[in-house]
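The values are calculated or read from the model by the stated rules, or taken from the named source; none is laboratory data. Here the structure is a predicted model, which means the values were calculated and not measured. Cβ placement follows ideal geometry from the backbone for every residue including glycine, while neighbour counts extend to all protein chains displayed. Keep in mind that these areas ignore ligands, DNA and RNA; they rest on the heavy atoms of the full protein, side chains included. Shrake-Rupley method; radii C 1.70, N 1.55, O 1.52, S 1.80 Å.
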Amino acid sequence: MYVEYFLRFMPDIPVHNRSLSVISSRFMRRLGHVVKLCLVVALSGLCMRVQAQSSVTLSGRITDEAQKPVSRASVRLEGTPLGTGSDEDGCYRLQLPAGKYSVTVSALGYDSQQMTLEIREQTRLDFCLKEQVVGLSAVEVYGKTKAQRLREGSFTVNAIDVKSYAHSLNNLNDLIGRSSGVKIREDGGVGADFDLSVNGLSGNAIRYFIDGIPMSSVGNGITLANFPINLVERIDIYKGVVPAELGTDALGGAVNIITKKAIRNYVDVSYGLGSFHTHKADLSTQYIERRTGIFLKSAWGVNYSKNDYTMRGVEVPDEAREGFRIIDAKRFHDDYFSVLGQLHVGVTNKKWADLLSLAAYCSRVDTELQTGSVQTKVYGMAERQNKAFSLSLQYRKQNFLVRRLSADFSLSHTWDHTVVTDTAFRKYDWTGHYIEASRNEITGRGKSIRNVKRPLIVGRANFGYLWNENHSFHLNYLLNRVGNERTDDFDADFVPSTDTFGKHVIGLSYRQSFGEDRWNNTFFVKDYISRLKIGQQDLSWITGSGKMPDSSTSVNWGYGFSTRLRLSEWLAVKASAERSVRLPLAREYMGNGSTVYPNFLLRPENSRNCNFGIFGTLNLASRHRLFYEAGLFYRGVEDYIRFVITEDEGTGQYRNVKSATVKGVEGELRYEYDHCLQAIANISYLDEKSKTRYLPDGKPDVTYNNRIPNKPWLYGNVELNFKKRNIFGQKESQLKASYYFQYVHWFYLTWKGYGSVSSKSRIPTQCINSASVTCSFRNERYNIALECSNLFDRPVYDNYMMQKQGRSFWGKLRVFIH
């Protein structure tokens with residue numbers, strides 16, 4: 001019965017041809033096959049369950065030495081078919097049975113790494129790959145630094161690599177003043193007020209930044225002259241047209257200090273000693289915990305100088321005080337001290353943030369005031385002190401919310417307090433002697449200890465969207481709000497007051513690139529919104545506060561473009577133009593509490609800026625390279641703001657000149673031979689003239705078509721650098737010798753139209769020679785530098801013929817450990 005049942009399901013066995021025994025035999029064989037198959041399936045499932053129970057996960061992150069992720073890196077287990085690759089964030093993940101393995105990681109352009117380990121549980125294993133060094137024989141490869149690439153962009157910009165100068169540099173002003181189209185004029189020695197001119201426009205028309213954030217956010221006492229050099233990697237000086245992403249209302253240009261971004265642990269300390277009791281010490285440190293990305297950065301900078309150099313040919317009263325005699329006298333009340341500290345803590349290279357940083361700055365600057373704005377006004381007791389404290393938060397992220405969208409946010413609050421002490425009723429001369437007087441030293445009024453508090457809020461937001469490799473958009477916003485709270489600790493009749501000035505700058509730009517970046521363009525538009533609230537009413541006949549409403553708002557627009565076309569490596573052209581607006585600064589509106597009076601009647605400057613330039617790099621022969629750049633520029637300024645001096649008082653005030661133009665030409669040559677010899681020469685010519693035909697009363701203005709006075713109009717620089725490696729038989733050592741020459745043609749001190757030209761005061765032609773030598777050892781770990789400025793001890797003058805120091809010496813020791 002059962003046999004017949006199974007036979008129904010076995011059609012390949014005809015029943016009528018088979019005996020029962022044969023059928024039974026074949027049936028049993030087939031049944032055995034089925035049983036074996038079931039056993040194999042059962043055993044396989046059991047093995048899989050056992051294997052799943054012993055499987056573990058190996059994961060981690062692959063980065064380079066800069067802690068940047070390495071994508072598409074290969075992770076394989078030697079002797080097995082197992083392996084995987086890293087994603088865009090450098091992360092990998094691999095399932096494998098527990099056991100002992102040899103793990104090999106490799107990526108294109110990097111040295112491979114191999115590690116053998118026993119894996120019994122979930123394991124995280126990170127790798128840091130080193131870039132692969134490939135030796136090439138008889139081949140020279142020239143790469144361009146970030147500074148060079150920026151110089152070859154569409155904007156007119158001087159990009160200065162500070163690294164090669166940091167071992168010997170005293171302050172950033174010295175380095176910036178040697179660049180093309182830039183002139184820095186100081187009112188004295190270390191810590192003195194200075195004026196930076198870029199293509200003719202100067203003073204507050206130039207804006208200053210630290211990594212794109214306004215420098216004022218760290219306090220008014222911090223300037224280019226006392227900023228710690230050890231923190232600086234590069235300085236970008238934009239001339240004329242300024243990129244919208246800086247979010248500024250600059251008219252003549254901008255200076256952007258780029259700080260070091262290297263992700264490594266280091267200690268950098270330097271100490272300098274110079275003439276006239278000058279001392280400078282800088283310390284910066286950085287520690288990064290590579291696994292977590294947490295970093296801690298700190299920096300300190302201290303400057304001190306007595307500035308007791310000799311003033312030549314100054315007038316002092318004779319013994320009978322009936323006349324004057326000419327003598328050489330040392331400055332006696334010009335001590336300067338500054339200290340800056342900063343601390344950064346944050347995290348980098350996270351999925352949720354490329355950078356999150358909290359920073360704190362503190363500074364103190366004590367200045368003894370030796371003179372007013374002219375050197376005939378001598379002070380003996382007046383002092384100025386500035387204290388500032390700042391907190392800031394910054395967040396930066398690529399692929400913010402959506403792919404290809406980058407974001408950069410920052411917010412800071414600064415507490416800034418300046419005290420000007422002027423309580424001496426004395427009149428000093430250059431010998432240090434004085435007579436009793438009925439007025440104070442600075443303003444010629446009553447005794448005062450004036451307090452000026454200027455709380456500052458700076459907010460910044462930058463967005464960039466990369467449409468594709470050739471097109472991108474950028475949206476920028478800058479908030480700057482400053483207060484002006486005035487009190488007096490001595491003058492009981494002084495009425496305290498509070499002024500506020502706020503501005504919003506919104507910029508939108510579009511960039512495009514064609515032909516592998518042979519041709520690129522940038523178009524932008526800016527909106528400038530400002531609001532001024534006036535609280536002070538004293539000296540209204542000088543400040544104009546009585547003629548202005550308590551609060552006022554202004555809205556202005558600007559726009560422009562830049563373009564660059566690279567025809568070949570040795571020839572490229574670029575051009576830029578804009579209609580720009582510059583809102584007055586707090587210093588111009590509200591004064592400085594001492595030598596600068598407020599002027600609330602100031603109007604914003606409007607300018608039409610144009611630049612045109614050609615540049616290129618020529619490889620003249622093996623190891624010989626020449627970079628050249630030449631440019632033309634034009635600035636047409638309405639309501640031009642300039643500083644006007646009252647020589648009798650030694651004070652001044654910012655005022656509008658109805659119309660002015662600046663035209664000029666500049667050029668620079670850079671020659672290099674085999675990385676051991678470098679020669680740089682630049683020259684600038686300016687034609688800066690007043691275009692105000694008539695005075696407010698309708699009479700002709702005698703200054704029409706006159707050059708703007710107290711401004712150099714022809715100047716140039718020459719720099720020679722020689723490097724020699726492996727000196728004194730020491731490997732990883734270097735000797736660098738440098739020579740600097742500066743030329744400034746004579747220029748008028750006052751308007752040419754005033755008085756007789758033959759008797760007019762002129763600042764004479766100046767030729768300044770300087771030299772330095774630097775020795776570095778252990779791959780620039782230890783550095784010693786010596787410098788002599790003004791080798792031939794020539795008279796040097798600056799603003800309003802203010803004398804600067806003569807021959808001076810400087811020595812510096814720097815140790816850099818990483």
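So, in region 630-639, of the ones that are open to solvent by 50 Å² or more (accessible area, probe 1.4 Å) and not aromatic (Phe, Trp, Tyr), which residue ends up farthest from the chain's Cα centre (by Cα)?
The selected residue is Glu638.
Considering only residues of region 431-486 that are touching a Ser or Thr at 6+ places or on another chain (Cβ under 8 Å) and of a type in the set (Asp, Glu), which is least open to solvent (accessible area, probe 1.4 Å)?
My answer is Glu485.
How about region 464-488: which of its residues are without any contact (Cβ under 8 Å) to a residue 60 or more places away in the chain and either outside any strand (DSSP E or B) or of a type in the set (Phe, Trp, Tyr) (or both)?
Glu469, Asn470, Phe473
Here are Tyr748, Tyr740: which of them is open to solvent by 40 Å² or more (accessible area, probe 1.4 Å), at negative phi and of a type in the set (Ser, Thr, Tyr)? Lay out the reasoning, then the answer.
Numbers: Tyr740 fails: open to solvent by 40 Å² or more (accessible area, probe 1.4 Å).
Of Tyr748, Tyr740, the one residue that is open to solvent by 40 Å² or more (accessible area, probe 1.4 Å), at negative phi and of a type in the set (Ser, Thr, Tyr) is Tyr748.
Under the condition of being of a type outside the set (D, E, K, R) and touching an Asp or Glu at 6+ places or on another chain (Cβ under 7 Å), which residue from region 231-256 is nearest to Tyr208 (Cα to Cα)? Give the derivation first.
Keep residues of region 231-256 that are of a type outside the set (D, E, K, R), which gives 231-232, 235, 237-238, 240-244, 246-248, 250-256.
Narrowing the set further to residues that are touching an Asp or Glu at 6+ places or on another chain (Cβ under 7 Å) leaves 241, 251, 256.
Working: Val241: 14, Leu251: 12, Asn256: 6 Å.
So, considering only residues that are of a type outside the set (D, E, K, R) and touching an Asp or Glu at 6+ places or on another chain (Cβ under 7 Å), the one nearest to Tyr208 (Cα to Cα) is Asn256.
Counting only residues that are open to solvent by 50 Å² or more (accessible area, probe 1.4 Å) and touching a strand residue (DSSP E or B) at 6+ places or on another chain (Cβ under 9 Å), give me the strands (runs of 3 or more DSSP E) lying completely in region 252-308 with at least 3 of them. Before the answer, list the steps.
On the way: elements: 253-259, 266-274, 278-289, 294-305.
Once the strands (runs of 3 or more DSSP E) in region 252-308 are filtered for at least 3 residues that are open to solvent by 50 Å² or more (accessible area, probe 1.4 Å) and touching a strand residue (DSSP E or B) at 6+ places or on another chain (Cβ under 9 Å), what remains is 266-274, 278-289, 294-305.
Looking only at region 224-244, filter to residues that are modelled with pLDDT of 85 or more and open to solvent by 10 Å² or more (accessible area, probe 1.4 Å); which one of those is farthest from Lys280 (Cα to Cα)?
It comes out as Tyr238.
Identify all residues within region 71-82 that are outside any loop (DSSP other than H, G, I, E, B), within 13 Å of Ala107 (Cβ to Cβ) and not hydroxyl-bearing (Ser, Thr, Tyr); write none if there are none. Don't jump to the end; show me each part of the working.
Within region 71-82, the subset outside any loop (DSSP other than H, G, I, E, B) is 74-77.
When the remaining residues are screened for being within 13 Å of Ala107 (Cβ to Cβ), the result is 74-76.
Val75, Arg76 - these are the residues of region 71-82 that are outside any loop (DSSP other than H, G, I, E, B), within 13 Å of Ala107 (Cβ to Cβ) and not hydroxyl-bearing (Ser, Thr, Tyr).
Could you list, in sequence order, the residues of region 591-618 that are in a strand (DSSP E or B), open to solvent by 20 Å² or more (accessible area, probe 1.4 Å) and not charged (D, E, K, R)?
Filtering region 591-618 down to residues in a strand (DSSP E or B) leaves 596-597, 605-618.
Checking the rest, the ones that are also open to solvent by 20 Å² or more (accessible area, probe 1.4 Å) come to 597, 606, 608, 610, 612, 614, 618.
Listed by number, the residues that qualify are Tyr597, Asn606, Cys610, Phe612, Ile614, Leu618.
Assuming Asp416 fulfils every condition listed in (1) within 22 Å of the chain's Cα centre (by Cα); (2) within 29 Å of Phe524 (Cβ to Cβ); (3) among the charged types (D, E, K, R) apart from one, which condition is it?
(2)
Checking Ala320 against (1) touching a Leu at 6+ places or on another chain (Cβ under 8 Å); (2) open to solvent by 50 Å² or more (accessible area, probe 1.4 Å), which single condition isn't satisfied?
(1)
Hey, can you tell me all the residues within region 783-802 that are among the charged types (D, E, K, R) and out of contact with any Ser or Thr (no Cβ under 7 Å at 6 or more places or on another chain)? Can you show your working first?
Kept after step one, since they are among the charged types (D, E, K, R), are these residues of region 783-802: 787, 793-794, 798.
Matches in region 783-802: Asp793, Arg794, Asp798.
May I ask you to list the residues in region 786-818 that are open to solvent by less than 20 Å² (accessible area, probe 1.4 Å) and of a type in the set (Val, Ile, Thr)?
Within region 786-818, Val796 is the sole residue that qualifies.
Only one residue in Asp538, Asp517, Asp527, Asp493 is under 31 Å from the mean Cα position of the chain (by Cα) and modelled with pLDDT under 90, so which one is that?
Details: Asp538 fails: under 31 Å from the mean Cα position of the chain (by Cα); Asp527 fails: modelled with pLDDT under 90; Asp493 fails: under 31 Å from the mean Cα position of the chain (by Cα).
The match here is Asp517.
Looking at Glu588, is it of a type in the set (D, E, K, R) and open to solvent by 50 Å² or more (accessible area, probe 1.4 Å)? Working first, answer last.
Working: of a type in the set (D, E, K, R): yes; open to solvent by 50 Å² or more (accessible area, probe 1.4 Å): no.
No; evaluated as a whole, the condition is false for this residue.
Just for region 359-399: of the residues that are within 17 Å of His413 (Cβ to Cβ) and among the aromatic types (Phe, Trp, Tyr), which one is most open to solvent (accessible area, probe 1.4 Å)?
The residue in question is Phe389.
Across region 490-531, what is the total count of residues that are touching a residue at least 60 places away in the same chain (Cβ under 8 Å) and not in a strand (DSSP E or B)?
Result for region 490-531: 1.
Condition check ((1) in contact (Cβ under 8 Å) with a residue 12 or more places away in the chain; (2) closer than 27 Å to Ala329 by Cβ; (3) not charged (D, E, K, R)) across all residues:
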site: Lys736; (1), (2), (3): yes, no, no
site: Gln742; (1), (2), (3): yes, yes, yes
site: His745; (1), (2), (3): yes, no, yes
site: Gln766; (1), (2), (3): yes, yes, yes
site: Phe792; (1), (2), (3): yes, yes, yes
site: Lys804; (1), (2), (3): yes, yes, no
site: Arg814; (1), (2), (3): yes, no, no
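Looking only at region 535-564, count every residue that is open to solvent by less than 70 Å² (accessible area, probe 1.4 Å) and touching a residue at least 24 places away in the same chain (Cβ under 8 Å) and tell me the total.
16
Taking region 323-338 only, how many residues are open to solvent by 80 Å² or more (accessible area, probe 1.4 Å) and under 28 Å from Trp810 (Cα atoms)?
Step one: list which residues in region 323-338 are open to solvent by 80 Å² or more (accessible area, probe 1.4 Å), which gives 324-326, 328, 330.
Then keep just the ones that are under 28 Å from Trp810 (Cα atoms); that gives 328, 330.
Total satisfying the criteria: 2.
Criterion first (under 14 Å from the mean Cα position of the chain (by Cα) and open to solvent by 10 Å² or more (accessible area, probe 1.4 Å)) does Tyr208 satisfy it? Spell out how you get there, then give the answer.
Numbers: under 14 Å from the mean Cα position of the chain (by Cα): yes; open to solvent by 10 Å² or more (accessible area, probe 1.4 Å): yes.
Answer is yes for this residue.
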